[in-house]
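**Q** Let me begin by handing over the structure; questions about it come next.
The values are calculated or read from the model by the stated rules, or taken from the named source; none is laboratory data. Note that the coordinates shown come from a computational prediction; the quantities given were computed from them, not determined experimentally. Here the Cβ positions follow ideal geometry from the backbone for every residue, glycine too, while neighbour counts run over all protein chains shown.
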């Protein structure tokens, strides 16, 4: 009996989200969101527009400042910024959990300062790939879990060298659809 009640309760909670799942991913819909990622724990705002049913183009901005403690020496300050654009495809499978994949490009800059002087000044472009799930909440919301990877070549303007970089991240975000 408890199992039947549990299943009925789960259906009662999930059916309203499933009923509106298609609407939020329709051509012409908008999405605004904010994410918390595992790399620097910064809040990343984003906005997206659905070019076609289930196909979204999104833009995000990530900026962070960190202080690196050096015992017995001056602290280092690390500033980074990323502006990216990504195409995402949502696979509406008829429930309240929607798989999503994405690919895009980002412009990345990072500056490290030690004792007031710049020790590295990196800039470059990164290719991004992501996969995740959107848990539909109510009629216009979703909680998204995403695994992402980015890689590319960045130039160090102080040292005059180039570096290959790659980074992986896990993010948790909340989005509203209009």
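**Q** Checking the condition surrounded by 15 or more Cβ atoms within 10 Å (Cβ to Cβ), under 18 Å from the mean Cα position of the chain (by Cα) and assigned to a strand (DSSP E or B), which residue from 154, 133 passes?
**A** None of the other options fit; the residue is 133.
**Q** Same structure again: Determine whether region 72-84 contains at least one residue that is farther than 24 Å from residue 121 by Cβ and assigned to a strand (DSSP E or B).
**A** Looking for residues that are farther than 24 Å from residue 121 by Cβ and assigned to a strand (DSSP E or B), one finds none in region 72-84, hence no.
**Q** A further question follows. Quick one: would you say residue 107 is in a strand (DSSP E or B), at pLDDT 90 or above, on the phi < 0 side of the Ramachandran plot and crowded, with 17+ Cβ neighbours inside 10 Å?
**A** no
**Q** Can you find even one residue in region 91-102 that is crowded, with 17+ Cβ neighbours inside 10 Å, at pLDDT below 95 and assigned to a strand (DSSP E or B)?
**A** No, because not a single residue in region 91-102 is crowded, with 17+ Cβ neighbours inside 10 Å, at pLDDT below 95 and assigned to a strand (DSSP E or B).
Table: residues versus (1) surrounded by fewer than 16 Cβ atoms within 10 Å (Cβ to Cβ); (2) closer than 14 Å to residue 82 by Cα; (3) more than 17 Å from the chain's Cα centre (by Cα).
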position: 120; (1), (2), (3): no, no, yes
position: 138; (1), (2), (3): yes, no, yes
position: 142; (1), (2), (3): no, no, no
position: 162; (1), (2), (3): yes, no, yes
